[in-house]
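*Asks:* There's a structure below that I have some questions on.
The values are calculated or read from the model by the stated rules, or taken from the named source; none is laboratory data. These numbers come from a predicted model, not from an experiment. Every residue, glycine among them, receives a Cβ derived from its backbone with ideal geometry; neighbour counts consider all protein chains shown.
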Amino acid sequence: MEHRLISAIETALGWSGADELGRRFARGSIGDAELVSRLLTPNRLLDIAMRRSLNRPQIRCFQQGEEVHPAVYFTDSVSPRGQSIPMVDMRSLGRLLGEGATLILDQANVFDPTMEVACRALQWWSHERVQVNAYLTTNDAAGFPLHWDDHDVLIVQVVGEKDWEVRSTSRAVPMYRDSDPNATPSDEVVWSGALRTGDVMHIPRGHWHQATRTGSGTGKSLHVTFGITKRTGASWFAWLADWCREQEIFRHDLDRRHGPDDMALMEAASALLAERSPADFLAAYQRETTLPRHVPFLDVLGSLDAVVCTTHFPPRIEENGGTVDVVASGKRITLAAGALPALRLLLSGEPVALERAVAAAGADVAEVAEILVKEELCAVLTPELSSGYTGLVTSAASWQERWTSA
């Protein structure tokens, strides 16, 4: 999947691929103003808040550095039948933002197609799970106090400007669940200054940071933070713990009198470590990650005209002589080798209009597409989902031209 945001981030930070994620602080600027405004706008964020039943902590509001109680800006929408649904009171939220406040929406990718597709593209790029939070700050509102995150972040300043301070780590690669609370900030300032529209910044895990508009006067800031959680050695060990249950020796009680002897248990553990490497874990993590949410395909609702691959990570295509296997999301699907051109196109991560795809992928592309949709590796390209790709991801027609000319 070729996404304009990823190309822009790589250019801005001087990266070539995702290898630099988590290594060091980086900052740059995206020169494509149309791309930046396409990602999200303040009004689109407020529209999300207005149309959905959201609850804390998914949506939060801060004023003067303190979290505003949800009762201040939430209300119950009562139907004629007396059904009560919690909704954001937009009038109250508007008053808070008018005074100066910060509105935070966690996991904006769950509600907005553009954010959903951007996160999916970043997942295919980084091979890690990604979510995006949106932060709208008005006037001279303060942000969070100095803190650190247990994941790497990519921040894109979408609108306005905000002052930042980034410090070094005070504990190497700290974790959410750790042996040390890591509560003392570092004194070493890595960078301080203002992020302005189009600026992008990478803050690795554990770097202390804070952002504010205090003292900035009238104005606004909207930035999106893509959180990228990478696997660790502790993740590998947790995975091994699941595998150990297959062996009887690990299922016995650690009884001082009747349990397995220490030497036998340690030998079994050593063998397990040798059998399942960190590389095996990383491959399994990608291969077995569960399927994402999407609109189901129902014949009764109409024909299948366009699809797109929606797996969290790129599916793996394995050629086996007369057959070809597709491995993704805990599934292995076997098709005839003749389906390979259609699979390459349909699993590209880019939208595919089936009628136009016949020339590049063969007459059976619609049949293959229906199989992939039923197996939930691809999804129906609804107008709403399509909007998340429009102008940001290479069109299927362009992809087909590149593939057929290769």
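*Asks:* Which of the residues spanning the stretch 354-381 are outside any helix (DSSP H, G or I), in contact (Cβ under 8 Å) with a residue 60 or more places away in the chain and not β-branched (Val, Ile, Thr)? Spell out the reasoning first.
*Replies:* Within the stretch 354-381, the subset outside any helix (DSSP H, G or I) is 362-364, 375-381.
Filter again for in contact (Cβ under 8 Å) with a residue 60 or more places away in the chain, leaving 376-381.
Selection gives GLU376, LEU377, CYS378, ALA379, LEU381.
*Asks:* Continuing with the same structure: Residues in the stretch 275-291: is at least one assigned to a loop (DSSP other than H, G, I, E, B) and modelled with pLDDT of 95 or more? Don't jump to the end; show me each part of the working.
*Replies:* If we filter the stretch 275-291 for residues that are assigned to a loop (DSSP other than H, G, I, E, B), which is where we start, we get 276-277, 289-291.
When the remaining residues are screened for being modelled with pLDDT of 95 or more, the result is 276-277.
Within the stretch 275-291, one or more residues are assigned to a loop (DSSP other than H, G, I, E, B) and modelled with pLDDT of 95 or more.
*Asks:* Take the residues in the stretch 30-72 that are touching a Pro at 6+ places or on another chain (Cβ under 9 Å) and touching a residue at least 40 places away in the same chain (Cβ under 8 Å), then tell me which one is surrounded by the fewest Cβ atoms within 10 Å (Cβ to Cβ). Please lay out each step first, then the result.
*Replies:* Kept after step one, since they are touching a Pro at 6+ places or on another chain (Cβ under 9 Å), are these residues of the stretch 30-72: 53-56, 59-61, 65, 70.
Right, trim to touching a residue at least 40 places away in the same chain (Cβ under 8 Å) and you get 54, 59-61, 65.
Values: LEU54: 20, ILE59: 20, ARG60: 16, CYS61: 24, GLY65: 13.
My answer is GLY65.
Residues checked against (1) assigned to a loop (DSSP other than H, G, I, E, B); (2) not charged (D, E, K, R):
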{"position": "ALA18", "(1), (2)": "yes, yes"}
{"position": "LEU21", "(1), (2)": "yes, yes"}
{"position": "LEU35", "(1), (2)": "no, yes"}
{"position": "ARG38", "(1), (2)": "no, no"}
{"position": "ASN43", "(1), (2)": "no, yes"}
{"position": "LEU46", "(1), (2)": "no, yes"}
{"position": "LEU54", "(1), (2)": "yes, yes"}
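*Asks:* May I ask you to verify whether ASP242 is surrounded by fewer than 17 Cβ atoms within 10 Å (Cβ to Cβ), out of contact with any Gly (no Cβ under 9 Å at 6 or more places or on another chain) and over 30 Å from GLU288 (Cα atoms)? Step through it out loud before you land on a result.
*Replies:* Details: surrounded by fewer than 17 Cβ atoms within 10 Å (Cβ to Cβ): yes; out of contact with any Gly (no Cβ under 9 Å at 6 or more places or on another chain): yes; over 30 Å from GLU288 (Cα atoms): no.
In short, no.
*Asks:* Further, regarding this structure: Does at least one position in the stretch 164-184 carry a residue that is over 19 Å from the mean Cα position of the chain (by Cα) and closer than 24 Å to MET115 by Cα?
*Replies:* Yes, the conditions are met somewhere in the stretch 164-184.
*Asks:* Output the residues belonging to the stretch 57-75 that are under 20 Å from the mean Cα position of the chain (by Cα) and in a loop (DSSP other than H, G, I, E, B).
*Replies:* Looking only at the stretch 57-75, we keep the residues that are under 20 Å from the mean Cα position of the chain (by Cα), and these are 57-60.
Listed by number, the residues that qualify are PRO57, GLN58.
*Asks:* Checking the condition at pLDDT below 95, more than 22 Å from the chain's Cα centre (by Cα), among the small types (Gly, Ala, Ser) and closer than 29 Å to TRP125 by Cα, which residue from GLY82, GLY31 passes?
*Replies:* Among GLY82, GLY31, only GLY31 is at pLDDT below 95, more than 22 Å from the chain's Cα centre (by Cα), among the small types (Gly, Ala, Ser) and closer than 29 Å to TRP125 by Cα.
*Asks:* Note down all Cβ pairs under 6 Å where the first residue falls in the stretch 328-348 and is assigned by TED's automatic domain parsing to the domain that holds VAL368, the second is of a type in the set (Phe, Trp, Tyr), and they're at least six residues apart or on different chains.
*Replies:* Close Cβ pairs satisfying both conditions: SER348/TRP399.
*Asks:* While we're here: Looking only at the stretch 107-119, decide whether some residue is out of contact with any helix residue (DSSP H, G or I) (no Cβ under 7 Å at 6 or more places or on another chain) and buried (at least 22 other Cβ atoms within 10 Å of the Cβ).
*Replies:* Within the stretch 107-119, the first condition is being out of contact with any helix residue (DSSP H, G or I) (no Cβ under 7 Å at 6 or more places or on another chain), and the residues that meet it are 107, 110, 117.
Those left that are additionally buried (at least 22 other Cβ atoms within 10 Å of the Cβ): 117.
The answer is yes, given that some residue of the stretch 107-119 is out of contact with any helix residue (DSSP H, G or I) (no Cβ under 7 Å at 6 or more places or on another chain) and buried (at least 22 other Cβ atoms within 10 Å of the Cβ).
*Asks:* For the stretch 352-372, check the following and say yes or no: at least one residue is touching a Gly at 6+ places or on another chain (Cβ under 7 Å) and closer than 23 Å to TRP125 by Cα.
*Replies:* Scanning the stretch 352-372, I find no residue that is touching a Gly at 6+ places or on another chain (Cβ under 7 Å) and closer than 23 Å to TRP125 by Cα, so the answer is no.
*Asks:* Restricted to the stretch 277-325, and to residues that are within 20 Å of LYS230 (Cβ to Cβ) and free of Cβ contacts under 8 Å to residues at least 12 places away in the same chain, which residue is surrounded by the fewest Cβ atoms within 10 Å (Cβ to Cβ)?
*Replies:* Of everything passing the filter in the stretch 277-325, ALA279 is surrounded by the fewest Cβ atoms within 10 Å (Cβ to Cβ).
*Asks:* Being outside any strand (DSSP E or B) and modelled with pLDDT of 95 or more is true for just one of GLY98, GLY160, GLY143. Which residue is that? Reasoning before the result, please.
*Replies:* Working: GLY160 fails: outside any strand (DSSP E or B); GLY143 fails: modelled with pLDDT of 95 or more.
None of the other options fit; the residue is GLY98.
*Asks:* Test THR214 against the criterion of being farther than 19 Å from ASP32 by Cα, assigned to a loop (DSSP other than H, G, I, E, B) and modelled with pLDDT under 95, and give yes or no.
*Replies:* Numbers: farther than 19 Å from ASP32 by Cα: yes; assigned to a loop (DSSP other than H, G, I, E, B): yes; modelled with pLDDT under 95: yes.
For THR214, the condition - farther than 19 Å from ASP32 by Cα, assigned to a loop (DSSP other than H, G, I, E, B) and modelled with pLDDT under 95 - is met.
*Asks:* Within the stretch 162-182, does at least one residue satisfy the condition of being under 20 Å from CYS61 (Cβ atoms), surrounded by 18 or more Cβ atoms within 10 Å (Cβ to Cβ) and in contact (Cβ under 8 Å) with a residue 24 or more places away in the chain?
*Replies:* Scanning the stretch 162-182 turns up at least one residue that is under 20 Å from CYS61 (Cβ atoms), surrounded by 18 or more Cβ atoms within 10 Å (Cβ to Cβ) and in contact (Cβ under 8 Å) with a residue 24 or more places away in the chain.
*Asks:* Of the residues ASP152, ASP140, only one is under 12 Å from the mean Cα position of the chain (by Cα) and either in contact (Cβ under 8 Å) with a residue 24 or more places away in the chain or not assigned by TED's automatic domain parsing to the domain that holds THR212 (or both); which? Explain how you work it out, then say what you get.
*Replies:* Details: ASP140 fails: under 12 Å from the mean Cα position of the chain (by Cα).
One residue alone meets the criteria, ASP152.
*Asks:* Could you say whether any residue in the stretch 241-255 is under 18 Å from GLY330 (Cα atoms) and either of a type in the set (A, V, I, L, M, F, W, C) or not assigned by TED's automatic domain parsing to the domain that holds ALA121 (or both)?
*Replies:* Within the stretch 241-255, the subset under 18 Å from GLY330 (Cα atoms) is 242-243.
Filter once more, so that each one left must be either of a type in the set (A, V, I, L, M, F, W, C) or not assigned by TED's automatic domain parsing to the domain that holds ALA121 (or both): 242-243.
Within the stretch 241-255 (the criterion being under 18 Å from GLY330 (Cα atoms) and either of a type in the set (A, V, I, L, M, F, W, C) or not assigned by TED's automatic domain parsing to the domain that holds ALA121 (or both)), the answer is yes, since at least one residue qualifies.
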